[in-house]
Amino acid sequence: FLGMKTLTEKYDVDVTIDAKNSSAESGLALVGDEKNFVMASVNGNKLVLRKVEGDKETLIEEKNLPRSEIIHLRASVRNGKDISFLFSTDGKKFIPVNETPVDGVFLPPWDRAVRAAMVARGPKTQKAVFDAFILRNN
């Protein structure tokens, strides 16, 4: 992952994934550390939402994605811990991934801030291609 430190308890972060040119699972994560994060990702024609807490992975949601060369992902965080993910194929109309916010209270280790990050998963021969990363601390 490659990320930026968040500065407030209310923020939104957007990534734009070039799905046409990405072969790795590509996504957006809120990261405490490598063993504690919440991530929405594009994996083929699926949108996958998972959390990793204490290095234990839990699948929260999995949805079929409409065919699109570009996928926009958004994480909207409120109260420093309530995380809602959304996706869009046009960058205008965003569709919720999770109906109930993910409780991210476990994310920041006591000595670090949460980081909003672009994430790639897969073999080293695969690549993730991102067109944009925008963090808006509100």
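The values are calculated or read from the model by the stated rules, or taken from the named source; none is laboratory data. Please read these numbers as outputs of a predicted model, since none were measured by experiment. Every residue, glycine as well, gets a Cβ built from its backbone with ideal geometry; the counts of neighbours run over all protein chains shown. Heavy atoms of the whole protein, side chains included, go into the accessibility calculation; ligands, DNA and RNA do not. Shrake-Rupley method; radii C 1.70, N 1.55, O 1.52, S 1.80 Å.
Only one of these conditions is not met by A19: (1) of a type in the set (A, V, I, L, M, F, W, C); (2) farther than 16 Å from A116 by Cβ; (3) open to solvent by less than 20 Å² (accessible area, probe 1.4 Å). Which number is it? Among (1) of a type in the set (A, V, I, L, M, F, W, C); (2) farther than 16 Å from A116 by Cβ; (3) open to solvent by less than 20 Å² (accessible area, probe 1.4 Å), A19 violates only (3). Specify the residue that is farthest from L28 (Cα to Cα); the eligible residues are those in the stretch 44-61 that are open to solvent by 60 Å² or more (accessible area, probe 1.4 Å) and assigned to a strand (DSSP E or B). Among them, the one singled out is K56.
Residues that are closer than 15 Å to L65 by Cβ, touching a Leu at 6+ places or on another chain (Cβ under 7 Å) and of a type in the set (G, A, S) within the stretch 75-107 are absent altogether.
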